[in-house]
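**Student:** If you scroll down you'll find the structure; I have some questions about it.
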Amino acid sequence: MIGAIVILIAVAIAMGVMLYRNQRQYKQASENNYNMAFFELVDYVQNVETYLAKSLISSTPEHGAETLTHLWREANLAQSYLSRLPIESQELENTEKFLNQVSDYSYTLSRKNIYNEKLSQEELANLEQLHGYSVELENTLNQLSEDLNNGRFDWGELSNKGKVAFAQQVDNVSKESFSNLEENFHEYSGLIYDGAFSEHLTSNETKGLTGEDIEEEQAKQKAEEFIGKNNIKEINNLGYSENATIPVYDFSITNNNDNTINISISKKGGHVVYMNTNRDVNSEVISQEEADKKSKEYLDSKGFNNMKETYYLKQEGIVTINYAYSQNNVIMYPDLIKVKVALDNGEVLGVETTGYLSNHTQRDINKVKITSQEAKKDLNKNLNIESESLAVIPTEWKTEILCYEFKGKVDDREFLVYINAENGREEDILIITNTPNGTLTM
């Protein structure tokens, strides 16, 4: 027994030593990764400040485009390395927003330079404002570099603080360093101007989300009305999703066929954001055209009018159809609703309205300054145009552009070309892919 106990103790000590070494190695590896990310961040922020300074004195569109393209790249990389630090994203919200807007703004100005247009005084003033903030950010990061090199803080301490307020996280770490990182931006609210990015970058406004805030019980009633009380066996509250794109109350419903339906109701206005019925579809009886007809009738019955089918995808007996809002025959692609239809009986199994609720509003479609013939003149001569119309398309910066949409073919391959209806610029080109299971774009 004594021998066995001695062996067990020895094994326990050996395992403890091994675990301790592994933990130390893991901690050291994490520290090295965080250090690398931090010093890369410092370098890229220095480059951001340098290129912002150069952009202020650039005198030709050609050199300006080159400088602003470099600025766009460096700001993107700075964002990437900032996100790798072990700090809650909300604690560096303004710093992230600043780098994001530098990236986006420099990109749109570089495009202007590419078209041989000089920057306006207002745009130069915006760059000067951004440069001032970049200098402050660079100085703060340099101070942090000194703190890190002198061992005044430990990345492990920051990563283990959880969701404690950032000011408290850094209070015992370096009072005049990390706390200043956000303090530099306490008045930074983003650029306010009439250009392509204006308030879209700093506002989370959901234009189609109308009405007052509702409580959970009211949301439950909305869910019951949407599904139909006579079709519900049981309904359970799943809680409130506050951090969703649109804050929602979630519910699980068992219908009369014992299928489970998940549904989400927005806190603001009580709109249906998401609904999905879980049931197997084992056959395809109805056609794509019939499915489209049934889903349009469904949307009309739920108050979503003037929706036009755009693309669809068929999988395992279910077709998902994308619909965009049509305003006076102008397609509003940002106002998107997805509908799932079962091809065995035409039942609508699901609907997702995030795009519509986020963007739907009545647009000013009188900004057309060129004719369709003028828009066509610079199109590829090999493009055999099959149809044309006006459309509002979204950008990756959550802005919108009114365009002429030209659909055509080159060597039996289908394309969509979007020409800005105000200035004739080519904004985007999509390839249409037709498959037995649907129509997609890329």
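The values are calculated or read from the model by the stated rules, or taken from the named source; none is laboratory data. Here the structure is a predicted model, which means the values were calculated and not measured. Please note: Cβ atoms are built from the backbone with ideal geometry, for glycine as well, and neighbour counts cover all protein chains shown. We work out accessible area using only protein heavy atoms, side chains counted, and drop any ligands, DNA or RNA first. Shrake-Rupley method; radii C 1.70, N 1.55, O 1.52, S 1.80 Å.
**Student:** So how many residues does the range 240-263 have that are within 14 Å of LEU349 (Cα to Cα) and within 25 Å of the chain's Cα centre (by Cα)?
**Tutor:** Of the residues in that region, 2 qualify.
**Student:** Would you check if there is a residue in the range 241-250 being among the aromatic types (Phe, Trp, Tyr), farther than 30 Å from LYS97 by Cα and open to solvent by less than 30 Å² (accessible area, probe 1.4 Å)?
**Tutor:** So in the range 241-250, the residues among the aromatic types (Phe, Trp, Tyr) come out as 249.
Applying the additional criterion that residues be farther than 30 Å from LYS97 by Cα yields none.
Checked against the condition, which is being among the aromatic types (Phe, Trp, Tyr), farther than 30 Å from LYS97 by Cα and open to solvent by less than 30 Å² (accessible area, probe 1.4 Å), the range 241-250 yields no hits at all.
**Student:** I'm told ILE365 meets every condition in (1) open to solvent by 20 Å² or more (accessible area, probe 1.4 Å); (2) in contact with an Asp or Glu (Cβ under 8 Å, 6 or more places away or on another chain); (3) of a type in the set (A, V, I, L, M) except one. Can you identify the failing condition by its number?
**Tutor:** So the condition that ILE365 fails would be (2).
**Student:** A further question on this structure: Select from the range 306-335 the residues that are out of contact with any Phe, Trp or Tyr (no Cβ under 8 Å at 6 or more places or on another chain) and charged (D, E, K, R) and write down the one among them that is farthest from ASN282 (Cα to Cα).
**Tutor:** LYS314
**Student:** Contact list please: Cβ distance under 7 Å, first residue in the range 207-230 and within 26 Å of PRO334 (Cα to Cα) and open to solvent by 70 Å² or more (accessible area, probe 1.4 Å), second residue assigned to a loop (DSSP other than H, G, I, E, B) and of a type in the set (S, T, N, Q), pairs at least six apart or on different chains.
**Tutor:** What qualifies is LYS207/THR361.
**Student:** Filter the range 321-334 for residues that are touching a residue at least 24 places away in the same chain (Cβ under 8 Å) and open to solvent by 30 Å² or more (accessible area, probe 1.4 Å) and give the result. Break it down stepwise before answering.
**Tutor:** First, pick out the residues of the range 321-334 that are touching a residue at least 24 places away in the same chain (Cβ under 8 Å): 321, 323, 325, 327-334.
Within the range 321-334, ASN328, ASN329, TYR333 meet the criteria.
**Student:** Considering each residue of the range 255-272, count those that are closer than 19 Å to LYS302 by Cβ and assigned to a strand (DSSP E or B), and give that number.
**Tutor:** Qualifying residue count for the region: 9.
**Student:** Taking the range 101-136 on its own, how many of its residues are assigned to a helix (DSSP H, G or I) and more than 14 Å from LEU68 (Cα to Cα)?
**Tutor:** Within the range 101-136, the subset assigned to a helix (DSSP H, G or I) is 101-114, 121-136.
Retained after the next criterion (residues that are more than 14 Å from LEU68 (Cα to Cα)): 121-122, 125, 129, 132-136.
So the answer is 9.
**Student:** Right, something else. Filter the range 91-139 down to residues that are among the polar types (S, T, N, Q) and without any contact (Cβ under 8 Å) to a residue 40 or more places away in the chain and give me whichever is farthest from ASN420 (Cα to Cα).
**Tutor:** Only one residue tops the list, namely ASN139.
**Student:** Determine whether the range 383-391 contains at least one residue that is under 30 Å from ILE227 (Cβ atoms), open to solvent by less than 30 Å² (accessible area, probe 1.4 Å) and modelled with pLDDT of 95 or more. Show your work before the answer.
**Tutor:** Here is the first cut: in the range 383-391, the residues under 30 Å from ILE227 (Cβ atoms) are none.
No, every residue in the range 383-391 fails to be under 30 Å from ILE227 (Cβ atoms), open to solvent by less than 30 Å² (accessible area, probe 1.4 Å) and modelled with pLDDT of 95 or more.
**Student:** If only one of TYR115, TYR34, TYR107 is of a type in the set (Ser, Thr, Tyr), more than 23 Å from ASN142 (Cβ to Cβ) and touching a Phe, Trp or Tyr at 6+ places or on another chain (Cβ under 6 Å), which one is it? Working first, answer last.
**Tutor:** Numbers: TYR115 fails: touching a Phe, Trp or Tyr at 6+ places or on another chain (Cβ under 6 Å); TYR34 fails: more than 23 Å from ASN142 (Cβ to Cβ).
The conditions single out TYR107.
Every residue, every condition in (1) at negative phi; (2) over 26 Å from the mean Cα position of the chain (by Cα); (3) surrounded by fewer than 19 Cβ atoms within 10 Å (Cβ to Cβ), yes or no:
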position	(1), (2), (3)
VAL273	yes, no, no
GLN288	yes, yes, yes
ASP292	yes, yes, yes
TYR298	yes, yes, yes
GLU309	yes, no, yes
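**Student:** Under 8 Å between Cβ atoms, at least 6 apart or on separate chains: pull out the pairs that start in the range 296-310 with a residue that is of a type in the set (Phe, Trp, Tyr) and end on any residue that is in a strand (DSSP E or B).
**Tutor:** Note: pairs meeting the criteria are TYR298/VAL339; TYR298/VAL348; TYR298/VAL351; PHE304/TYR323; PHE304/ILE337.
**Student:** Being touching a Lys or Arg at 6+ places or on another chain (Cβ under 7 Å) and open to solvent by less than 50 Å² (accessible area, probe 1.4 Å) narrows it down to one of GLY346, GLY424, so name that one. Step through it out loud before you land on a result.
**Tutor:** Details: GLY424 fails: touching a Lys or Arg at 6+ places or on another chain (Cβ under 7 Å).
It is GLY346.
**Student:** Now a separate question. How many residues, within the range 389-421, are more than 26 Å from the chain's Cα centre (by Cα) and within 30 Å of GLU205 (Cβ to Cβ)? Even if it seems obvious, please write down each step before you answer.
**Tutor:** Taking the range 389-421 as the starting set, the residues that turn out to be more than 26 Å from the chain's Cα centre (by Cα) are 389, 406-414.
Of the ones still in play, those that are also within 30 Å of GLU205 (Cβ to Cβ) are 389.
Counting residues in the range 389-421 that are more than 26 Å from the chain's Cα centre (by Cα) and within 30 Å of GLU205 (Cβ to Cβ) gives 1.
**Student:** Condition check: surrounded by fewer than 21 Cβ atoms within 10 Å (Cβ to Cβ) and over 16 Å from ASP428 (Cα atoms). Does LYS376 satisfy that?
**Tutor:** On the way: surrounded by fewer than 21 Cβ atoms within 10 Å (Cβ to Cβ): yes; over 16 Å from ASP428 (Cα atoms): no.
Answer is no for this residue.
**Student:** Looking only at the range 113-139, filter to residues that are of a type in the set (Ser, Thr, Tyr) and under 18 Å from LYS54 (Cα atoms); which one of those is least open to solvent (accessible area, probe 1.4 Å)?
**Tutor:** Here the residue is SER134.
**Student:** When the residues of the range 66-112 are filtered to those that are open to solvent by less than 30 Å² (accessible area, probe 1.4 Å), under 17 Å from the mean Cα position of the chain (by Cα) and polar (S, T, N, Q), which remaining residue is farthest from TYR44 (Cα to Cα)?
**Tutor:** Top of the filtered list is GLN101.
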